[in-house]
Amino acid sequence: MSPAPDPAAMEERNPGAAIEIAGLRKSFGEKIVLNGVNLGVRPGESLVIIGGSGTGKSVLLKCILGLLQPDSGTIMIDGIDMTEAPGGDRADVRRRTGMLFQGGALFDSLNVWRNVTFALTQGRARKGRSMRSLAVELLAKVGLDESVADLRPAEISGGMQKRVALARAIASRPDLVFFDEPTTGLDPIRANTINDLIRGLVTDLGCSAITITHDMESARRIADRVAMLHEGRIIWQGPVEMLDDSGNARVDKFINGRTD
Amino acid sequence: MTDSFTRLFAPIGAAALSFFAAIGRAAIFAGRALLAAVRPPYYPARFVQQLLSIGYFSLPVVGLTALFTGAALAQQIYVGGERFNAASTVPAVTVIAIVRELAPVLGGLMVAGRVSSAMAAELGTMRVTEQIDALVTLRTDPFQFLVAPRLLAAIVVLPILTLVANAIGVMGGYLLAVYRLGFNAASYLETTRDYLEVTDIVSSLVKAAVFGFVLALMGCYHGYHTSGGAAGVGRATTNAVVSAFLLILLANLVITVLVFG
Ligand SMILES: Nc1ncnc2c1ncn2[C@@H]1O[C@H](COP(=O)(O)OP(=O)(O)O)[C@@H](O)[C@H]1O
Ligand SMILES: [Mg+2]
């Protein structure tokens, strides 16, 4: 059930965005979370970040998005340094960015379709009918049908919330997308719908993507390249084909789920 | 000697410093919110929604508070005044006490109890569930979308609530005085009118607007800066209400001294 590459969208294929992270450090009080992260994403490339729970993967994404201020280091997105660029430049980058939060972060005071179209309406009640039908289209892409459109986030399951949040993240046709554990809490079939959707964003629409996941099946389907975060640093990165021959003991342990 | 002196007063100094730091942070927060309120985009629908939830739904609570307080006040002034053969001061003292102090202050405190806590809980939950972060990534300024409508609505609606509370509070005193203490209805109202001055009403409304600002600011400030999950939301709610209460009482003292001192 791969999302059909619709011809109109093919024409306006995105250039994608380049991300270059150098020497990124972030601590909370005494606790060092990121300790010199160096990482790059080429335009139109899909990078998957793996790593144990609590290693700072979500913190890394929040630093890239400018939601957390790093202690030091640079984050360049298409040549704009997100850590010190003026607000206007950062807003321009945000305009091209979509983010799926680990917990979904749906607005619980708004119903599902208003959530999905939020990037376009900024929460105002304009163009109601066309916005709702756009939302229904986007919901179909994440495997949800129209019946959920008028429900509140609290009325749907966690896995459905995650997919609604994914639909919201891509509603404004971003060319730079961040997904924090997009398949966590989904059954294998629904997870594959999401994997195909993300892969389609990259392959068919030319988006650059950074995806965090624990789900190795998902990582193999989504990634062009994989990077592993451990103790505040990227300890290995390489093409997804190299994942099984990384030559790194920690990567082997992680991808095979060994506890020894 | 110097040592024990330092040891005794250092914690007090530290507490004072952190108190002023907190005031400073809240002031910066307020400045950001007011700036956001005057810059487009505006959210009129959210403003109206807040008018309703702060104002309309506070009417019963504020009305009952004023009614009971006005009646109790009339009773006390009667008992107190009787000792000096001054029981006839009931209408004059009641209206002055209600309009100048009790309606705005008690109304402000009741609304703070209802609204500051609700704002802190809602924004705090949005913070810990990353909804505020999500707003930013969806190119919406949380100060414009969340804080400004609440602040403006509270500033507008508290004076209206206080007007209502003034009227109901005076009516509470009137009912008790007429039906229990045997005052003449017509002359009670006439005395009330004679002793009520424009300054009283204006100061009452100014106080209410300030209290509205304070209680919404404390709710939003503590909610916005919540951290630490559900327990953090609990702390934010408590801090919002306590700080709103204290600031309302402090602001009342300052305005009273400035206007009537
Ligand atoms: N806002 C914050 N304040 C304090 N500590 C935080 C904050 N956000 C994350 N952390 C800490 O940073 C570490 C990494 O968190 P996170 O990035 O969420 O891990 P994960 O790799 O599972 O996504 C954790 O130990 C977490 O406690
Ligand atoms: Mg995480």
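Being among the hydroxyl-bearing types (Ser, Thr, Tyr), out of contact with any strand residue (DSSP E or B) (no Cβ under 7 Å at 6 or more places or on another chain) and in a helix (DSSP H, G or I), is that true of even one residue in the stretch B:17-36? Yes, the stretch B:17-36 contains at least one residue that is among the hydroxyl-bearing types (Ser, Thr, Tyr), out of contact with any strand residue (DSSP E or B) (no Cβ under 7 Å at 6 or more places or on another chain) and in a helix (DSSP H, G or I).
Is it the case that some residue within the stretch B:172-180 is within 25 Å of residue B:35 (Cα to Cα) and modelled with pLDDT of 95 or more? No, the stretch B:172-180 has no match at all.
Among the residues of the stretch B:212-226, some residue qualifies, meaning at least one is away from ligand 2 (no atom under 16 Å from the Cβ), farther than 26 Å from residue B:40 by Cα and either in a helix (DSSP H, G or I) or at pLDDT 95 or above (or both).
The requirement of being free of Cβ contacts under 8 Å to residues at least 40 places away in the same chain and within 16 Å of ligand 1 (Cβ to nearest atom) is fulfilled nowhere in the stretch B:179-191; no residue meets it.
Taking every residue in the stretch A:49-64 that is away from chain B (no Cβ under 14 Å) and pairing it with any residue that is small (Gly, Ala, Ser) and near ligand 2 (Cβ under 9 Å from one of its atoms), at least 6 positions away or on another chain, yields no pair with a Cβ-Cβ distance below 8 Å. Taken over the stretch B:74-112, the residue count meeting the criterion of being among the charged types (D, E, K, R) and in contact (Cβ under 8 Å) with a residue 60 or more places away in the chain is 2.
Out of all the residues in the stretch A:174-196, which are within 14 Å of another protein chain (Cβ to nearest Cβ) and either within 13 Å of ligand 2 (Cβ to nearest atom) or over 21 Å from residue A:65 (Cα atoms) (or both)?
Scanning the stretch A:174-196 gives A:178, A:179, A:180, A:181.
Of the residues making up the stretch B:249-261, those that are out of contact with any Lys or Arg (no Cβ under 9 Å at 6 or more places or on another chain) and in contact (Cβ under 8 Å) with a residue 12 or more places away in the chain number 1. One residue stands out in the stretch B:2-51 among those that are among the β-branched types (Val, Ile, Thr) and within 24 Å of residue B:239 (Cα to Cα): the one that is nearest to the other protein chains (Cβ to nearest Cβ), namely B:28. Pairing each residue of the stretch B:134-154 that is on the phi > 0 side of the Ramachandran plot and surrounded by fewer than 23 Cβ atoms within 10 Å (Cβ to Cβ) with any residue that is outside any helix (DSSP H, G or I) and among the acidic types (Asp, Glu), provided the two are 6+ apart or on different chains, yields no C-beta distance under 8 Å.
Residues checked against (1) over 26 Å from residue A:109 (Cβ atoms); (2) in contact (Cβ under 8 Å) with a residue 60 or more places away in the chain:
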| residue | (1), (2) |
| --- | --- |
| A:163 | no, no |
| A:167 | no, no |
| A:175 | yes, yes |
| A:185 | no, no |
| A:190 | yes, no |
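In summary, residue A:85 fulfils each of the numbered conditions (1) away from every other protein chain (no Cβ under 14 Å); (2) farther than 18 Å from residue A:234 by Cβ; (3) within 15 Å of ligand 1 (Cβ to nearest atom); (4) surrounded by 15 or more Cβ atoms within 10 Å (Cβ to Cβ) with the single exception of condition (3). Could we say that residue A:143 is more than 14 Å from chain B (Cβ to nearest Cβ) and either farther than 20 Å from residue B:144 by Cα or crowded, with 20+ Cβ neighbours inside 10 Å (or both) here? Spelling it out, residue A:143 is indeed more than 14 Å from chain B (Cβ to nearest Cβ) and either farther than 20 Å from residue B:144 by Cα or crowded, with 20+ Cβ neighbours inside 10 Å (or both).
Restricting attention to the stretch A:36-50, the residues that are over 21 Å from residue A:241 (Cα atoms) and within 12 Å of ligand 1 (Cβ to nearest atom) total 1. Within the stretch A:90-107, which residues are within 8 Å of another protein chain (Cβ to nearest Cβ) and over 16 Å from residue A:163 (Cβ atoms)? Hits for the stretch A:90-107 are A:91, A:94, A:95, A:97. Evaluating residue B:50 against the criteria (1) at pLDDT below 95; (2) over 30 Å from residue B:195 (Cα atoms) leaves one unmet condition, (1).
All of A:154, A:169 fail the test of being within 16 Å of ligand 2 (Cβ to nearest atom), within 14 Å of chain B (Cβ to nearest Cβ) and of a type outside the set (S, T, N, Q), apart from A:169.
Selection of the stretch A:51-75 for residues being over 17 Å from residue A:227 (Cβ atoms) and more than 10 Å from ligand 1 (Cβ to nearest atom) yields A:65, A:66, A:69, A:70, A:71, A:72, A:74.
The values are calculated or read from the model by the stated rules, or taken from the named source; none is laboratory data. Quantities reported herein were computed from a predicted structural model and do not represent experimental measurements. Reconstructed Cβ throughout: ideal geometry from the backbone, glycine too, with neighbour counts over all protein chains shown.
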